[in-house]
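No value in this document is a laboratory result; all are computed from the given coordinates. A quick note: this is a predicted structure, and the numbers were derived from the prediction, not measured. Cβ placement follows ideal geometry from the backbone for every residue including glycine, while neighbour counts extend to all protein chains displayed.
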C-alpha cells in the first residue's frame, strides 16, 4: 500500500502540484498525506516526487525530448 496523491484526503497529482509553483501548498499536502498514512501504519514513501520545469513555454524541453530515440 502506498500514497500517491492522497490517502483519505485527495490531492492533485505531483505534476499538477508542481505546475502550480505553490511550494507551501505542496508541503502541506505532503504533510497531510504523511500524517494520514502514519495513522494507519503506513511507513513507506516514494517521495519526494519532483516534476518541475521552469521553462514556461517548454521550447527547451521539447528540443531535448526530440534527441531521445526510443
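At residue 8 and residue 63, where each label point lies 7 Å from the Cα along Cα→Cβ, what is the point-to-point distance in nanometres?
4.9
Applying a 10 Å radius around every beta-carbon, put 28-38, 59-69 in order of their mean neighbour count, most first.
Per-residue mean Cβ counts within 10 Å order the peptides as 28-38, 59-69.
Could you work out how far apart the two model spin labels at residue 38 and residue 23 are, taking each label as a point 7 Å from the Cα in the direction of the beta carbon, and quote it in nm?
2.2
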